[in-house]
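Chemist: Please read through the structure below; I'll follow up with questions.
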Amino acid sequence: MDELINKQTAIMEKYDPDNKIALIVDEWGGWYDVEEGTNPGFLYQQNTMRDAMIAGTSLNIFNNHAKRVKMANLAQTVNVLQAVILTEGEKMILTPTYHVLKMYNVHQDAQLIPVTFESPEYTFNGESLPAVSVSASKNKNGEVHISLVNIDLKQERSVNINVSGLGIKKISGTVLKSDKVQNHNTFDHPNNLEPVEFDNFKLKKGQLEIKLAPYSVVVLEAK
């Protein structure tokens, strides 16, 4: 997604240097085999921690391209593809994707804070991706929010950010994490995965050190 947006933005910068035209991502999310026993045309699939990683990483990308990307549509909302809600009769559960979207809603209507960060690589089956993604913003109340994702299945990752210019005195956080990529919420156990308090960070002399557990999404609020 980051590669696609960078390439498209480069073209738009050439023909629309005044940034009058928005870039819209018409659909994003994971698309897998449907759940066994369901109608293949309805595209009903389970939503796991893998989808939380996709959601958090994608949202960080969209945030960091906020100058051009004005809309990005999740595919889809209920019971189809990377849904935020799954239903069965009168039952309803919230998916890991739902929790990530709710955690990230603090960035809405806020001002992007550019973050320069060199991520370590995560390699699996010969393919490599940046292990960590980050985005940050400041809202009208002066609160700073930093969202981070570690897609590494096994290794904790340490992130150090210079926040000396932000006047931060107090930090709190939430995390969505799991020890297995396959973990998900079910109708019998709807709260298997949900955000909890996060405090694995240190702020000292303007340097913020964050320890990201394997396969985790973290959002920090700084005041």
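The values are calculated or read from the model by the stated rules, or taken from the named source; none is laboratory data. Since this is a predicted model, take the numbers as computed values, not measurements. When we count neighbours, we look across all protein chains shown, and the Cβ atoms used for this are built from the backbone with ideal geometry, even at glycine.
Chemist: Return yes when ALA222 is under 20 Å from the mean Cα position of the chain (by Cα) and surrounded by 19 or more Cβ atoms within 10 Å (Cβ to Cβ) and no when it is not.
Modeler: Yes: the conditions hold for ALA222.
Chemist: What pairs come up if the first residue lies in the range 167-195 and is without any contact (Cβ under 8 Å) to a residue 24 or more places away in the chain, the second is surrounded by 13 or more Cβ atoms within 10 Å (Cβ to Cβ), and their beta carbons are under 6 Å apart, counting only those six or more places apart or on different chains?
Modeler: If the second residue must be surrounded by 13 or more Cβ atoms within 10 Å (Cβ to Cβ), the pairs left are ASN192/ASN185.
Chemist: Let me ask another. Filter the range 1-59 for residues that are within 30 Å of LYS154 (Cα to Cα), hydrophobic (A, V, I, L, M, F, W, C) and under 18 Å from the mean Cα position of the chain (by Cα) and give the result.
Modeler: MET1, LEU4, ILE5, TRP28, TRP31, MET49, ALA52, MET53, ILE54, ALA55, LEU59
Chemist: If only one of ASN125, ASN60, ASN39 is polar (S, T, N, Q) and touching a residue at least 40 places away in the same chain (Cβ under 8 Å), which one is it?
Modeler: Residue meeting the stated conditions: ASN60.
Chemist: Checking the conditions here, which among SER172, SER133 is at pLDDT 95 or above, farther than 30 Å from TYR44 by Cβ and in a strand (DSSP E or B)?
Modeler: Only one candidate qualifies: SER172.
Chemist: Would a scan of the range 102-115 turn up a residue that is buried (at least 18 other Cβ atoms within 10 Å of the Cβ) and closer than 20 Å to TYR215 by Cα?
Modeler: yes
Chemist: Turning to a different aspect of this structure: Taking the stated definitions as given, is SER128 of a type in the set (S, T, N, Q), at pLDDT 95 or above and in a strand (DSSP E or B)?
Modeler: no
Chemist: Looking at VAL34 and the list (1) in contact with a helix residue (DSSP H, G or I) (Cβ under 6 Å, 6 or more places away or on another chain); (2) closer than 25 Å to ILE5 by Cβ, which single condition is not satisfied?
Modeler: Among (1) in contact with a helix residue (DSSP H, G or I) (Cβ under 6 Å, 6 or more places away or on another chain); (2) closer than 25 Å to ILE5 by Cβ, the lone unmet condition for VAL34 is (2).
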